[in-house]
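The structure appears below as structure tokens.
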Amino acid sequence: MLDILSDDVIWRLFRYLDVKSRTRFAAVNTTFYNLFNKWEDVLCCSIRVDGITLSGKGFILEVDQHSESIIVPLLKRCPLIRKLAIHDENALRNVNSNVLHNLLNVHEIYISSNFFTDSRYDSVIESLFSFSKLHLLHIQQRYNDDKCHRNIICERQVAKLTSTSLSDIKLQGVVVTGSVLKLFCFKYQKTLEKLCLLGALIPSEDAPICFQAINNLDHLTCLTLAPSLYSISTTNKAFFKNYPSLKNSKMLKLVAVYVSKPDISQLKLFLQQILPSNVEQLILYDESYRIAYQIEQELNEFKCKIHFCRADDIIIDSYWMNGKSELITHTVWKPPYKINTYLPAMVSFFFFFSHNKI
């Protein structure tokens, strides 16, 4: 009966089969093997320690308790994956990183910040950063892990990024030095539109380098600042000899910043001297809500809309992860910062200014 059906009709039926049925179907004969050996309808892949989620337009497939013997052939069968999420660094612990080189259509990657703990994962990072069509890079903290000072992004890793068109970068749960951020901004000066640093830890002493690098981005529209880099605080006046500026960011529309010690004068200075006039929306993470009360009567006087948020860690699951995401979507790396004496030699001196005088 299948002989009288067109390939298009068979494909429509095939999309509803689970992974085992797809494999068996492809083994029926040579015609079916040629037709179904590659699963070109699978566009998204979410890899966890306990399983894999594959999805495409209108369907989701689950593979539980995966192993090397499963993940390698699965990735080889799905050459058109556009979105790839790896929720745990241990998910690929027994998998040769070269298998990732077969994925030539990846546009978005979401990976755990624990990949940057030590050099054991360098080969995996290099493979992930080799996707030439990449336009979204999200490095995210796992829901059950604490923020770790040992998760450090290095310049040599950023240099491995082969894509020339990254437009959306999120760095959270990782330490980012000024030189690394400068390299990111240099590589993607013409393309970067969204830069999320709210969940990152950046040395306060690198503020001039970081703000200068951010100012050089031609098309940046959305920016969230790491609390260790800048926050609204009563101690800013004593800390900053020269306040940083984002005045050259002419395309900037949305900015998010942490409130360490509520101070209405510092908020006004931030709006008037640091932000460009084109900013339309300012998000303040003020857990005390004191600034909200202080400026309640003045909100209408500000040119941009001001929203107040909590600093809670949350997960907003994308449909293609099928409710099984393990990566925090939104988190703030706020003070106080723990002193870590086991940083690699390449980070010889960190002064993480917490605005609480560590």
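Mind checking the angle between helix 178-187 and the chain's longest principal axis? C-alpha axes, 0 to 90 degrees, to the nearest 10.
60
At 0.36 nm per residue, and after removing the present C-alpha to C-alpha distance, how many nm does the segment from Phe239 to Glu40 gain when stretched out fully?
Between Phe239 and Glu40, full extension yields an extra 66.1 nm.
Can you list residues from other chains, or at least 5 along the same chain, whose modelled amide H is less than 5 Å from the amide H of Cys309?
Here Leu284, Tyr285, Asp286 satisfy the definition.
Just want the ordering: Val106, Val49, from fewest to most Cβ atoms lying within 10 Å of their own Cβ.
Val49, Val106
For the range 231-298 and the range 146-164, what is the separation of their Cα centres, given in Å?
Their Cα centres are 28 Å away from one another.
Which FRET efficiency value, to the nearest 0.05, do you get for His219 and Arg150 by plugging their Cβ-Cβ distance into 1/(1 + (r/R0)^6) with R0 = 30 Å? List each step's numbers first, then the result.
On the way: r = 33 Å, r/R0 = 1.11.
After rounding to 0.05, the efficiency reads 0.35.
Return a whole-number percent for the relative contact order of the range 117-170, with Cα pairs under 8 Å and 6 or more residues apart as the contact set.
Across the range 117-170, relative contact order equals 58 percent.
Any idea what the relative contact order of the chain is, in percent, if you count C-alpha pairs under 8 Å spaced at least 6 apart?
The value is 12 percent.
R0 = 41 Å: FRET efficiency of Ala292 with Lys338, Cβ-based, nearest 0.05?
Working from the Cβ atoms, E equals 0.90.
What's the ranking of 40-46, 304-310 by average number of surrounding C-beta atoms within 10 Å, highest first?
Highest to lowest by the protection proxy: 40-46, 304-310.
With the chain treated as a Gaussian network of Cα nodes joined by springs under 10 Å, which of Asp118, Asp218, Asp88 yields the largest mean-square fluctuation?
Result: Asp118 has the largest fluctuation of those listed.
What ranking, highest mean first, results for peptides 143-152, 288-297 when packing means the other Cβ atoms within 10 Å averaged over each residue?
Taking the mean over residues of other Cβ atoms within 10 Å, the ranking is 143-152, 288-297.
Coordinate-derived values only; no laboratory data. Computed from a prediction, not measured in an experiment: that's the story for all the values here. Note that each Cβ is placed from the backbone with ideal geometry, even for glycine, and that neighbours are counted across all protein chains shown.
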